[in-house]
Every structure is written in structure tokens, then in C-alpha cells.
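Enquirer: Here you go, one structure.
The values are calculated or read from the model by the stated rules, or taken from the named source; none is laboratory data. Note that this is a predicted model, so its numbers are computed, not measured. Positions of Cβ are backbone-derived with ideal geometry, glycine not excepted, and every protein chain shown enters the neighbour counts. These area figures cover heavy atoms from the full protein model, side chains too; ligands, DNA and RNA do not enter into them. Shrake-Rupley method; radii C 1.70, N 1.55, O 1.52, S 1.80 Å.
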Amino acid sequence: MQAWTTAGKPENHPEPWGRPGAFSTFRVYPNRKTPFLSDYLDRLLDSAKRLNLGWIPDSTEISGRLNSYLNDLGNDYSGLVRICLFEDLIGLSDRPANSDGNPVEGWLLNYRRPEPLAKSTAEKELYGALSELEVEKEDWVIIDPKDNDIRETATSNLIFATGKNLLIPEKFILQGIVLRKLLPLLNSEFSITRGAPQDNDLSDFDEILLCGTGRGVAPLSALSELGWNSRGDILFNQVRQMYDSLIEGACA
């Protein structure tokens with residue numbers, strides 16, 4: 001972990017959750033391969049602007065700090081790097097990508113994100129609550145406390161599937177980079193409807209997938225609070241293959 005003040009002075013990296021700021025997390029592969037990094041940096045700055053942060057460094061400064069940090073990690077590093085823009089600091093941290101592709105057990109979290117289009121470190125109720133779970137194999141499935149629809153998880157976008165028919169939430173969510181890159185491929189293979197299912201609709205779906213930077217593409221195995229269990233892995237295998245091809249192409 002490293003952090004720097006607005007004046008460029010090194011500082012201890014603070015606990016991010018509950019502190020005003022924007023963040024973005026991207027994947028690093030050996031030889032410093034960073035698929036879609038420009039998309040992640042663009043979204044970071046967009047989130048900072050949406051959150052009206054008092055200080056937003058320019059992209060040149062962010063890239064400089066990031067390049068130095070990646071150099072320190074070394075060419076063999078493989079994992080996740082998170083960039084935080086706080087009101088008076090830039091912070092960088094890294095962690096293993098232990099959840100990539102793993103089956104996920106979901107747990108309901110009644111929550112409505114105050115600014116769905118921004119990734120905000122202030123959302124301690126959401127991101128801080130991940131410490132209560134084994135993130136490698138568990139996630140919070142967000143259910144709206146008023147509308148009772150299921151939109152996303154704390155870490156990922158969701159794809160709901162019945163055969164070749166996919167339902168993908170679009171409103172009141174942050175569409176992640178992974179889902180954005182997958183959508184053109186999904187459109188060529190599946191029939192897609194945009195919308196979010198109600199809690200009592202889950203029995204209609206054979207599979208539910210999670211798409212996100214840390215998880216890549218992963219299957220939801222169960223959401224026991226709503227009596228849902230996965231009924232197969234056909235979609236997961238197809239979409240995971242699409243994802244792996246995307247990453248392979250971006251790292252070439």
C-alpha cells in the first residue's frame with residue numbers, strides 16, 4: 001500500500017471504506033499486462049467528477065504514480081491493483097485475485113447505492129461489509145429495499161439466464177468494464193433483455209453469472225435466502241470462454 005498527498009508527499013494509506021473518495025480496481029497479469037487499463041482510469045476520473053471531489057489529480061499524475069507502483073510489484077506479479085482518489089490523497093494497493101472464476105454463494109443485502117454510476121469509497125455499508133464474508137467464494141447480492149429487485153452484487157454485475165435468453169440489469173447499477181466488453185459477444189450468441197428481476201422471479205432462471213474484475217466470470221451457486229440453486233453450467237462455460245478469449249487478446 002502506498003499513498004501521496006496533494007503535494008506529492010508520501011503518506012500512510014488510510015482505510016478507504018467510509019472515507020469520501022472514488023476508486024477503481026483493475027487486473028494485472030505477468031509482464032505488467034493490464035487489460036483495458038485506460039477504461040478503468042477513465043471510469044475512476046468519471047466517478048471522482050460525479051462525486052464532486054474537492055481535488056482530482058490529472059491523468060498524467062495518476063499514470064506516473066501507477067507506473068512506479070507497478071514497477072515495484074515486478075514483472076512476475078499477478079493480481080489486483082486498486083486506485084483510490086480521496087479528497088487529499090492518491091492511494092494504491094494490491095491483493096491476490098483469489099476469487100477469479102470461483103463458484104459464489106450469494107447473501108442478500110438490502111441496500112440502495114446513492115450514486116449508482118460512481119464507485120465511491122464512502123459506501124462503507126456496502127464495501128466494508130465484504131469483510132464479513134469469504135470473498136473468494138461469497139458475495140453480497142444487492143436487493144433494493146423498496147422495489148425488491150436484484151440489480152448487482154457488491155463486486156460484480158449479474159447475468160440471469162434461462163436457456164439462450166439472458167436478463168441483464170441496466171438501470172441503477174454501475175456497468176462494469178468486464179460486462180461492457182462482453183456485451184457485443186453476448187449479443188451475437190444470445191437473446192438479451194435489459195431489466196432486473198424481482199426477488200420472487202429467481203426460480204425462473206437456470207443460471208446466474210457474476211461479471212467483474214476480480215471474479216472475471218463466475219457462477220452463482222446458490223442464493224439460499226430466496227430458495228435458488230444453480231441448475232447447470234452451460235452458460236457459465238460459454239461466457240467464461242468468451243471472457244478468457246478477451247483477456248488473452250488484450251494481453252497479446
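Enquirer: Just to be sure before I move on: is Gly64 open to solvent by less than 30 Å² (accessible area, probe 1.4 Å) and modelled with pLDDT under 95 in the structure I sent?
Expert: Details: open to solvent by less than 30 Å² (accessible area, probe 1.4 Å): no; modelled with pLDDT under 95: yes.
No: the conditions fail for Gly64.
Enquirer: Also: Hey, among Pro30, Pro35, which residue is touching a Phe, Trp or Tyr at 6+ places or on another chain (Cβ under 8 Å), surrounded by fewer than 18 Cβ atoms within 10 Å (Cβ to Cβ) and not polar (S, T, N, Q)?
Expert: Values: Pro35 fails: surrounded by fewer than 18 Cβ atoms within 10 Å (Cβ to Cβ).
Within the list Pro30, Pro35, the selection yields Pro30.
Enquirer: Got at least one residue in the range 134-144 being of a type in the set (Phe, Trp, Tyr), farther than 25 Å from Phe86 by Cβ and without any contact (Cβ under 8 Å) to a residue 60 or more places away in the chain?
Expert: To start, the set of residues in the range 134-144 that are of a type in the set (Phe, Trp, Tyr) comprises 140.
Checking which are farther than 25 Å from Phe86 by Cβ leaves us with none.
Checked the range 134-144: no residue is of a type in the set (Phe, Trp, Tyr), farther than 25 Å from Phe86 by Cβ and without any contact (Cβ under 8 Å) to a residue 60 or more places away in the chain.
Enquirer: Next question. How do the pairs read when you match residues in the range 220-247 that are aromatic (Phe, Trp, Tyr) with residues anywhere that are part of a helix (DSSP H, G or I), using Cβ under 8 Å and keeping only pairs 6 or more apart or on different chains?
Expert: Note: pairs meeting the criteria are Trp228/Leu202; Trp228/Ser203; Tyr243/Val178; Tyr243/Leu182.
Enquirer: For the range 154-175, which positions are part of a strand (DSSP E or B), more than 14 Å from the chain's Cα centre (by Cα) and either within 14 Å of Val141 (Cα to Cα) or small (Gly, Ala, Ser) (or both)?
Expert: If we filter the range 154-175 for residues that are part of a strand (DSSP E or B), which is where we start, we get 157-162, 165-168.
Add one more test, that the residue is more than 14 Å from the chain's Cα centre (by Cα), and what stays is 160-162, 165-168.
Within the range 154-175, Phe160, Ala161 meet the criteria.
Enquirer: In addition: Please enumerate the residues belonging to the range 176-187 that are part of a helix (DSSP H, G or I) and surrounded by 12 or more Cβ atoms within 10 Å (Cβ to Cβ). Reasoning before the result, please.
Expert: Within the range 176-187, the subset part of a helix (DSSP H, G or I) is 177-187.
Passing the criteria: Ile177, Val178, Leu179, Arg180, Lys181, Leu182, Leu183, Leu185, Leu186.
Enquirer: For the range 142-154, enumerate the residues that are among the polar types (S, T, N, Q) and touching a Lys or Arg at 6+ places or on another chain (Cβ under 6 Å). Before you say what the answer is, go through the steps one by one.
Expert: So in the range 142-154, the residues among the polar types (S, T, N, Q) come out as 148, 153.
Selection gives nothing.
Enquirer: Further, regarding this structure: Would it be correct to say that Gly54 is touching a residue at least 24 places away in the same chain (Cβ under 8 Å) and either crowded, with 16+ Cβ neighbours inside 10 Å or of a type in the set (A, V, I, L, M, F, W, C) (or both)?
Expert: On the way: touching a residue at least 24 places away in the same chain (Cβ under 8 Å): yes; either crowded, with 16+ Cβ neighbours inside 10 Å or of a type in the set (A, V, I, L, M, F, W, C) (or both): no.
Considered against the rule, which asks whether it is touching a residue at least 24 places away in the same chain (Cβ under 8 Å) and either crowded, with 16+ Cβ neighbours inside 10 Å or of a type in the set (A, V, I, L, M, F, W, C) (or both), Gly54 comes out as no.
Enquirer: Does Pro116 fit the bill of being closer than 30 Å to Leu202 by Cα and in contact with a Pro (Cβ under 6 Å, 6 or more places away or on another chain)? Quick ask: steps written out before the conclusion?
Expert: Values: closer than 30 Å to Leu202 by Cα: yes; in contact with a Pro (Cβ under 6 Å, 6 or more places away or on another chain): no.
No.
Enquirer: Related question: So is Arg95 closer than 18 Å to Val178 by Cβ and without any contact (Cβ under 8 Å) to a residue 24 or more places away in the chain or not?
Expert: Yes: the conditions hold for Arg95.
Enquirer: Shifting gears a bit: Limited to the range 188-228, what total is found for residues that are assigned to a helix (DSSP H, G or I) and open to solvent by 20 Å² or more (accessible area, probe 1.4 Å)? Walk me through it before giving the result.
Expert: So the first thing to find is which residues in the range 188-228 are assigned to a helix (DSSP H, G or I), and the list is 188-189, 199-204, 224-226.
Then drop every residue that is not open to solvent by 20 Å² or more (accessible area, probe 1.4 Å), which leaves 188-189, 199-201, 203-204, 224-226.
Adding up the residues that qualify gives 10.
Enquirer: Where the second residue is of a type in the set (Asp, Glu) and in a strand (DSSP E or B) and the first is farther than 16 Å from Leu117 by Cα and open to solvent by 20 Å² or more (accessible area, probe 1.4 Å) and lies in the range 147-165, which pairs have Cβ atoms under 9 Å and are six or more apart or on separate chains?
Expert: Correct list of pairs: Thr162/Glu207.
Enquirer: Give all pairs with beta carbons closer than 7 Å in which a residue from the range 188-217 that is in contact (Cβ under 8 Å) with a residue 60 or more places away in the chain meets a residue that is in a strand (DSSP E or B) and of a type in the set (Lys, Arg); count only pairs at least 6 apart in sequence or on separate chains.
Expert: Pairs that qualify, where the first residue is in contact (Cβ under 8 Å) with a residue 60 or more places away in the chain and the partner is in a strand (DSSP E or B) and of a type in the set (Lys, Arg), are Thr213/Arg27.
Enquirer: What tally of residues in the range 82-129 results from selecting those that are among the aliphatic types (A, V, I, L, M) and surrounded by fewer than 16 Cβ atoms within 10 Å (Cβ to Cβ)? Write out each step before concluding.
Expert: To start, the set of residues in the range 82-129 that are among the aliphatic types (A, V, I, L, M) comprises 83, 85, 89-90, 92, 97, 104, 108-109, 117-118, 122, 126, 129.
This time we only want the ones that are surrounded by fewer than 16 Cβ atoms within 10 Å (Cβ to Cβ), so: 108, 117.
Residues in the range 82-129 being among the aliphatic types (A, V, I, L, M) and surrounded by fewer than 16 Cβ atoms within 10 Å (Cβ to Cβ): 2 in total.
Enquirer: Oh, and also: Taking the conditions exactly as written (farther than 27 Å from Arg19 by Cβ, open to solvent by 70 Å² or more (accessible area, probe 1.4 Å) and of a type outside the set (Val, Ile, Thr)), does Pro169 satisfy them or not?
Expert: Considered against the rule, which asks whether it is farther than 27 Å from Arg19 by Cβ, open to solvent by 70 Å² or more (accessible area, probe 1.4 Å) and of a type outside the set (Val, Ile, Thr), Pro169 comes out as no.
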